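See below for the structure under consideration.
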Amino acid sequence: MVPAGHYLVLSAILFAIGVVGVLTRKNAIIVFMSIEIMLNAANLTFVTFASAMGDLGGQVAVLLVIAVAAAEAAVGLAIIVAMFRHRETVNVESFNVMHG
Amino acid sequence: MIFAFWILAVVAVLAAIMVVTNRNPVASVLFLVLTFFSLAGLFVTLHAHFLAAIQVLVYAGAIMVLFLFVVMLLNLATDQWFDVASRPFLVLAGLLGAGFVALLVVGGLPGYAPAAQGPGASLPPDLLGSTEAIGSALYTAYYLPFLVTALLLLVAMVGAVVLARRER
């Protein structure tokens, strides 16, 4: 039996990789994929605690997170496609239409 | 079990690093699929069989097809592929990430094991993550978040259609 802490450290590593991706990449699609990695790292933590503590609530939470991630991916990619039509690029630094 | 954990963990981390560092967005998407598959395998080692199936179906299937479709639809110029931030920022981000993980390891997280005290603690572990157990939990104790999720998916669907529509 692998201790729960191993899964938690793996989840932290994946989350850190996702954060580094969001901070360093300028391609909006890659930034989006990094966010998906972070969501999955959180899911792994949920499942780890659900199985270590014998509580199903964590697994139900993962199901809801997956639904939210699907919704977020659909809307976010639609926004990226709409911005690409205006700017001909997916560089996040050119996405500044909300400047006051 | 320990053997499976280490293989899946190493594959997940390496694939995630490739997602973040790869120049080619299509390769990034495919490495992300590999990450999701190894996470599904890790869910199996945690006896969450239903979630492992959903992870493969929804994440590796539906969401990643959406990503791949958009990457290929936009057909970015090759000079936009290598787009990382300036080097000092890159080093700072890497150091912060490695420091965060090192802090957790030094703090003793790898050996941490919480006490099994939940309502399902007495059940055999295989039963906890079964489709039947998750289904009955979703429709009894967690029915309200389940209904809100349905609403959220409807709103997201309408929003995506409105955003993707061409203005005339």
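The values are calculated or read from the model by the stated rules, or taken from the named source; none is laboratory data. What you are looking at is a predicted structure, and each value in this text was computed from that prediction instead of being measured. Glycine also receives a Cβ, built like all others from the backbone with ideal geometry; neighbour counts cover every protein chain displayed. Remember, those area values only see protein heavy atoms, side chains included, never the ligands or the DNA or RNA. Shrake-Rupley method; radii C 1.70, N 1.55, O 1.52, S 1.80 Å.
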For chain A, accessible area per residue (1.4 Å probe, heavy atoms of protein chains only), Å²: 35
Protein heavy-atom accessible area occluded, B/A pair - total, 1.4 Å probe, Å²: 6700
Residue with peak Gaussian network fluctuation, chain A [Cα springs, cutoff 10 Å], from A:Met53, A:Met33, A:Met83: A:Met53
Separation of the B:Ala141 and B:Arg166 label points, Cα + 7 Å toward Cβ, nm: 5.1
Expected 222 nm ellipticity per residue - DSSP helices of 4 or more, -39500 (n - 2.57), all of chain B, to 500: -21500 deg cm²/dmol
Dipole of chain B [Lys/Arg +1, Asp/Glu -1 at C-beta], most positive-end residue of B:Val70, B:Ala53, B:Phe31: B:Val70
Among B:Ala12, B:Ala62, B:Ala40, residue whose mean-square fluctuation peaks in a GNM of chain B (springs only between Cα atoms under 10 Å): B:Ala62
Gaussian network model of chain A, Cα within-10 Å springs - most flexible of A:Gly18, A:Gly54, A:Gly76: A:Gly54
Carbon plus sulfur fraction of accessible area for chain B, probe 1.4 Å, in percent: 75
Length-normalised contact order of chain A in % [C-alpha pairs under 8 Å, at least 6 apart]: 28
Sites B:Asn75 and A:His99, calculated FRET efficiency, Cβ-Cβ separation with R0 35 Å, nearest 0.05: 0.80
